[in-house]
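The structure appears right after this line, and notes come after that.
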Amino acid sequence: MRQSRRTQRTRTALVAGGAGFLGSHLCETLLQAGYRVICVDNFLTGRMENIISIVDRPRFRLIEQDICRPLDLTEPVDRIFNLACAASPPRYQADPVHTTRTCVIGTLNLLELAAQNSARFLQASTSEVYGDPEQHPQREDYVGHVNCTGPRACYDEGKRTAETLCFDYLRTEMADIRVARIFNTYGPRMDPADGRIVSNLVMQALERRPLTIFGDGLQTRSFCYVSDLVDGLVRLMNIDSNPRQPVNLGNPGEFTVLQLAGLVRDMTHSKSAFKFLPLPQDDPRRRQPDISRAETLLNWSPKVPLRQGLMQTISYFTELEASRSEDRI
Ligand code: NAD
């Protein structure tokens, strides 16, 4: 018994997109859980500062590579988390063909790696697979309302195809896959300049600029704090019995964009005015996850209330702002 424990190999998790917002938190959590972690990232939207506290750890390895190229690993992997893909609309629309390639060819490359290693595979999918939903809240059996020719399609349809690939690998018994449909998540290490709603509003409030509201601001969103989301991803990867279905992960608390903007303004003590701009094409009106599947299968539900999560996020952006102004002096 003692002998087998001593010879047991440390399990290895590969995190594609590990230098991004969610990926960097996931890498940290996996290191804490005792994994060796291989982070694969092309630094398209990821940042070295996200992984600066772990990059020199002995159980951490960074491979700077685009997942559209097959990975040539010399060591076995047990778990593959595919988070590689720009998540903010301006970033994934900047090179839409590359976004589709990342979702389709990149996912295929990682699924092949999972098949070769008999590794468990988790795909970071998105609530965007529901498009502009006609059902509310969105359950996993809702097939979606997506415009396949619009500017968001590279991401929405790319992620839908990635799910198709995952379930085909599962059906043909080539890999044990799990699919998390992630809803809007926020927290420290979001890129302040990537145009996502929470980072946008917080940065504008901190810089005393007007808070931009797209449309009338009555469209709704749900906001999940990053630690809750990472906990959900790890649980989904770890359950031994494969759910064989996608699982929504998000916070069901629904807020209008105006409510969020008001909260950010209060919490930052800002006097910024609201500036209303036209709604971008195909922007969903309502977004709220039905998380009953995650509650039942994973015994998971988000714990961090919006106000508390915003407090952490505002402190992160405040420190970031302070360090940038020091650099400017
Ligand atoms: P992010 O942009 O911060 O992270 C994505 C990471 O993937 C970055 O480090 C980027 O450099 C890397 N990357 C992109 N294309 C790559 C490629 N071709 N090869 C290698 N690396 C590549 O985004 P995030 O918010 O951390 O999102 C992570 C994943 O979760 C994404 O797949 C996204 O679609 C999904 N997701 C996120 C949210 C959210 O609210 N944050 C919601 C739904 C889904």
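Listed here are the residues, each with its yes/no results for (1) out of contact with any helix residue (DSSP H, G or I) (no Cβ under 8 Å at 6 or more places or on another chain); (2) surrounded by 14 or more Cβ atoms within 10 Å (Cβ to Cβ); (3) over 25 Å from Val146 (Cβ atoms); (4) not polar (S, T, N, Q).
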residue	(1), (2), (3), (4)
Asn251	no, yes, no, no
Leu260	no, yes, no, yes
Asp266	yes, no, yes, yes
Trp300	no, yes, yes, yes
Leu306	no, yes, yes, yes
Ala322	yes, no, yes, yes
Glu326	yes, no, yes, yes
Problem set entry | Any hit, region 55-63, residues being within 14 Å of the ligand (Cβ to nearest atom) and in contact with a helix residue (DSSP H, G or I) (Cβ under 8 Å, 6 or more places away or on another chain) | yes
For this session: Give the residue that is surrounded by the fewest Cβ atoms within 10 Å (Cβ to Cβ), with candidates limited to residues of region 19-40 that are more than 9 Å from the ligand (Cβ to nearest atom) and part of a loop (DSSP other than H, G, I, E, B).
Result: Gly34
Exercise. Do we find that Asp194 is within 9 Å of the ligand (Cβ to nearest atom), closer than 26 Å to Ala94 by Cβ, surrounded by fewer than 21 Cβ atoms within 10 Å (Cβ to Cβ) and in contact (Cβ under 8 Å) with a residue 24 or more places away in the chain in this structure?
Worked result: yes
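Among the residues of region 225-281, which ones are of a type in the set (Val, Ile, Thr), within 16 Å of the ligand (Cβ to nearest atom) and closer than 18 Å to Pro210 by Cβ? Please lay out each step first, then the result.
Taking region 225-281 and keeping what is of a type in the set (Val, Ile, Thr), we get 226, 230, 234, 239, 247, 256-257, 264, 268.
Those left that are additionally within 16 Å of the ligand (Cβ to nearest atom): 226, 230, 234, 247, 257.
Residue satisfying the conditions is Val257 alone.
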For this session: Starting from region 220-243, take each residue that is touching a residue at least 24 places away in the same chain (Cβ under 8 Å) and list its partners that are among the basic types (Lys, Arg) and surrounded by fewer than 18 Cβ atoms within 10 Å (Cβ to Cβ), counting only C-beta distances under 6 angstrom and pairs at least six apart or across chains.
Result: Asp228/Lys303
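Residue-by-condition table, conditions (1) more than 11 Å from the ligand (Cβ to nearest atom); (2) modelled with pLDDT of 95 or more; (3) under 19 Å from the mean Cα position of the chain (by Cα):
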position: Met1; (1), (2), (3): yes, no, no
position: Gln8; (1), (2), (3): yes, no, no
position: Leu14; (1), (2), (3): yes, yes, yes
position: Gly17; (1), (2), (3): no, yes, yes
position: Asn42; (1), (2), (3): no, yes, yes
position: Gly46; (1), (2), (3): no, yes, yes
position: Asp66; (1), (2), (3): no, yes, yes
Exercise. Residues in region 152-167: is at least one assigned to a helix (DSSP H, G or I), more than 17 Å from the chain's Cα centre (by Cα) and within 21 Å of Leu229 (Cβ to Cβ)?
Worked result: yes
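The values are calculated or read from the model by the stated rules, or taken from the named source; none is laboratory data. Nothing here was measured: the structure is a model prediction, and the numbers come from that model. Here the Cβ is made from the backbone with ideal geometry for all residues, glycine too, and neighbour counts use every protein chain on show.
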